[in-house]
């Protein structure tokens, strides 16, 4: 499994009214911070794809904000505050291990995000109570278990075929401990 990297904007209680409105709407008052690949709630801190990015990014539809080179990404985000540096694995067949990198990564959890990378089915769809309970989400808004994330992915596809956000990828997310 090849790790990919992305830097996203942090979203949490420090965002004041926006955070309060979000957690009230989503019914997720127990969140400590949202760590997600949801491009609406936690967008990339590098939204413009520059020409010099092409050798260092994933050249695939809907994946252009993911980098294959950690060193390149670290150079690009060195002066950007209030961000999450994430190491991710898309649809891993089992729980992956973080790479041996110059900075350590801690496991944050599993997200289930539509195939376009726009919306997390876990935290930005209003819930799918017939597939999972919001009480299953840990304080980052993620699932803790690979097996459970795969079950949720399958349940969404089976029970909500007509819902565009139910066609999802499972993402293992590791967050930089320090950079």
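Quick look at the values:
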| item | result |
| --- | --- |
| Test: residue in the stretch 39-61 that is on the phi < 0 side of the Ramachandran plot, crowded, with 18+ Cβ neighbours inside 10 Å, in a loop (DSSP other than H, G, I, E, B) and out of contact with any helix residue (DSSP H, G or I) (no Cβ under 9 Å at 6 or more places or on another chain) | yes |
| Pairs with Cβ under 7 Å, 6+ apart, first in the stretch 49-63 and at pLDDT 90 or above, second in a helix (DSSP H, G or I) | 56/72 |
| Residues that are farther than 17 Å from residue 108 by Cα, touching a residue at least 24 places away in the same chain (Cβ under 8 Å) and surrounded by 13 or more Cβ atoms within 10 Å (Cβ to Cβ), drawn from the stretch 143-162 | 152, 153, 155, 156, 160 |
| Output for the stretch 84-107, where each listed residue is more than 19 Å from residue 58 (Cβ to Cβ) and not in a loop (DSSP other than H, G, I, E, B) | 106, 107 |
| Number of the exception - residue 101 against (1) more than 20 Å from residue 121 (Cα to Cα); (2) surrounded by 16 or more Cβ atoms within 10 Å (Cβ to Cβ); (3) in contact with a helix residue (DSSP H, G or I) (Cβ under 7 Å, 6 or more places away or on another chain); (4) at pLDDT 95 or above | (4) |
| Of all residues making up the stretch 163-173, the number that are more than 13 Å from residue 130 (Cα to Cα) and either without any contact (Cβ under 8 Å) to a residue 60 or more places away in the chain or loosely packed, with under 14 Cβ neighbours inside 10 Å (or both) | 5 |
| Residue in the stretch 106-127 that is more than 12 Å from residue 36 (Cβ to Cβ), in contact with a strand residue (DSSP E or B) (Cβ under 9 Å, 6 or more places away or on another chain), at pLDDT 95 or above and surrounded by fewer than 16 Cβ atoms within 10 Å (Cβ to Cβ) present | yes |
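The values are calculated or read from the model by the stated rules, or taken from the named source; none is laboratory data. From a predicted model like this one, the values you see are computed outputs, not experimental measurements. Every residue, glycine among them, receives a Cβ derived from its backbone with ideal geometry; neighbour counts consider all protein chains shown.
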